[in-house]
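To start, the structure itself, in structure tokens.
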Amino acid sequence: MWLSLAAGLGAWVVLRPAAAQAPTEDLAAAIKTYTGGAAVREGRIRFDIAELIDNGNSVPITISVDSPMTAASHVTSIAVFNEKNPQRDVARFQLGPRAGRATVSTRIRLATTQQLVAIARLNDGSWWSQRVDVIVTLAACIED
Amino acid sequence: MARTLITVPPSARRGEVIEIRTLIQHPMETGYRPGADGKVLARDLIRRFSCRYDDGSGSQLVFAAELYAAVAANPLISFHTVATASGTLTFTWEGDNGFMQSESVAIKVT
């Protein structure tokens, strides 16, 4: 039992950096459904979240997109996806030039250690993304 | 009526970008969680939030959000808007079981 536990821990340590690179299949599929298969470039988004989360029931997040937010150039939507909650969607925000600044904050639940992805769509039709890995010590959905 | 907490600066200069924070009391029951009797509790979520700004030239949508089970209980949403003219900001939350609530806040723009 100890051996298997040690082996399990070893696998976890080895696998984590690998998991940080590419999104899992269903996460990629959820993003593809959202973007309609359009090319998504990395960058322009700042995803603020604590790297180490001790309570997954309420995790503050802030997403900022580098955009002047004028009628000519603005962010139209921002979406957040997760890797390992029961559902891939976290939230979707709709913005426009009237928003003034492309910065949105909320509080979310995280079931376990996983990857989060923020996707932003600009009015010129381009899509941008930012990935972030977080470690969750106390999961949501277990405590009531 | 659920309790809400809305933070809007009472006055702003014309063209200034202001931060708005909204909080509403709601369990955001996910529909994945078992209750004390072991049965899964029915889903009860706020699904949509929107903010409209009526500055005298008609009410315009400033910001909207679709929320899912991964949003924490008592959802807090913080965003920005441009203070164009004195008027009212109307916040609406809609959700499962016919949940719907609207709150209005006046803003003075100089």
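Kindly provide the set of residues from the stretch B:4-32 that are assigned to a loop (DSSP other than H, G, I, E, B) and farther than 20 Å from residue B:68 by Cα, ordered by number.
Selection gives B:8, B:9, B:10, B:13, B:14, B:15, B:16.
Kindly check whether there is at least one residue in the stretch B:37-56 that is small (Gly, Ala, Ser), surrounded by fewer than 15 Cβ atoms within 10 Å (Cβ to Cβ) and within 10 Å of another protein chain (Cβ to nearest Cβ).
no
Just for strands (runs of 3 or more DSSP E) wholly inside the stretch A:90-144: which have at least 2 residues that are more than 10 Å from chain B (Cβ to nearest Cβ) and of a type in the set (S, T, N, Q)?
Counting at least 2 such residues, we get A:114-122, A:127-136.
Could you grab me the full set of residues in the stretch B:10-56 that are in contact (Cβ under 8 Å) with a residue 24 or more places away in the chain, among the charged types (D, E, K, R) and under 25 Å from residue A:86 (Cα atoms)?
Residues satisfying the conditions are B:43, B:44, B:47, B:48.
Readers should treat all values here as calculations from the given coordinates under stated rules, not as data from a laboratory. Being a predicted model, the structure only gives us computed values, none of them experimental. Quick reminder, even Gly has a Cβ in these numbers, built from the backbone with ideal geometry, and neighbours come from all protein chains shown.
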